[in-house]
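Readers should treat all values here as calculations from the given coordinates under stated rules, not as data from a laboratory. Computed from a prediction, not measured in an experiment: that's the story for all the values here. All Cβ positions, glycine included, derive from the backbone under ideal geometry; neighbour counts span all protein chains shown.
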């Protein structure tokens, strides 16, 4: 297996990590390493250095006090699966975490790494988009700033994060009682599969009427995306068959899938429409 001879900086605490980040802006941030090891094996990267965040307690844990759930960027998928507050308030995030690799990957991979990797196929991002998640980005020079996940990606593998910043945490509003949440991943097989299409959904209902809609998607564009046209087709409407079909039709204007080694653009368009229709029809029942 390929490794790297690049130096690894191991900060003592978060302040030390931020200082190292400012001093070594070209260094790669290392947490669980589940993606980085793949890149090294494929000779896809050759970083000058690494900054190891894995051992920092400030970047771990789940805080469920108040009206948000704050998840440290180095919280691993097993933490998300097992945490009582995440299980109670954010079941689609638990489902998404369960689809990431095998148990060994879930024990090491982190939510911050999944977000920062900026893959359009990341499993947690569609759910986080549907839940209006906000990232806490931190630097030594400018302190903390909050960036909605919907504004974080600027293109394929590109983000708004500055060279001296790191993701400290993810803040997720607790869903309302009127919210209906959903996660669906379509892959080649049921487990340990990179996604072909992912849907994270949240609808807020007042009786039969949709008052708020969030539809997050993965593997259907250059970045994880929301579908504003499909959302607009739902808001203010009852979940009638005609409303559902209007939302599915509007989805074509929101997603731009491609042909790649895992699937075709045409397949992804059809499947995205079908899984959206299936979820909305289940809510009518």
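Table for the structure above
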read-out	value
Column: log10 I(q)/I(0), Debye, Cα scatterers of region 115-218, q = 0.13, 0.15, 0.24 Å⁻¹	-0.55, -0.70, -1.23
Relative contact order for the chain, counting Cα pairs under 8 Å that sit 6 or more residues apart, in percent	15
Alpha carbon centroid spacing (whole Å) that separates region 45-106 from region 261-285	28
Residues in region 194-226 that a label on residue 282 would reach, taking backbone N under 11 Å of a point 7 Å out along Cα→Cβ	201
Sorted by Cβ density within 10 Å, fewest first, the residues 231, 281, 136	281, 136, 231
Sites residue 15 and residue 242 - FRET efficiency at Förster radius 51 Å, r taken between beta-carbons, to 0.05	0.35
Rg(Cα)/(2.2 N^0.38 Å) for region 8-52, N = residue count	1.18
Protection proxy ranking of 139-149, 248-258 - average other beta-carbon atoms within 10 Å, highest first	248-258, 139-149
Relative frequency of Cα-Cα separations exceeding 29 Å in the chain, percent	34
Kirkwood-Stokes translational diffusion coefficient of region 179-284, alpha-carbon pairs, 37 °C, 0.692 mPa s, µm²/s	238
Packing-based order for 212-219, 122-129, using average beta carbon neighbours within 10 Å, highest first	122-129, 212-219
Packing rank of 36-46, 60-70, 107-117, where each peptide gets the mean count of other beta carbons within 10 Å, highest leading	107-117, 60-70, 36-46
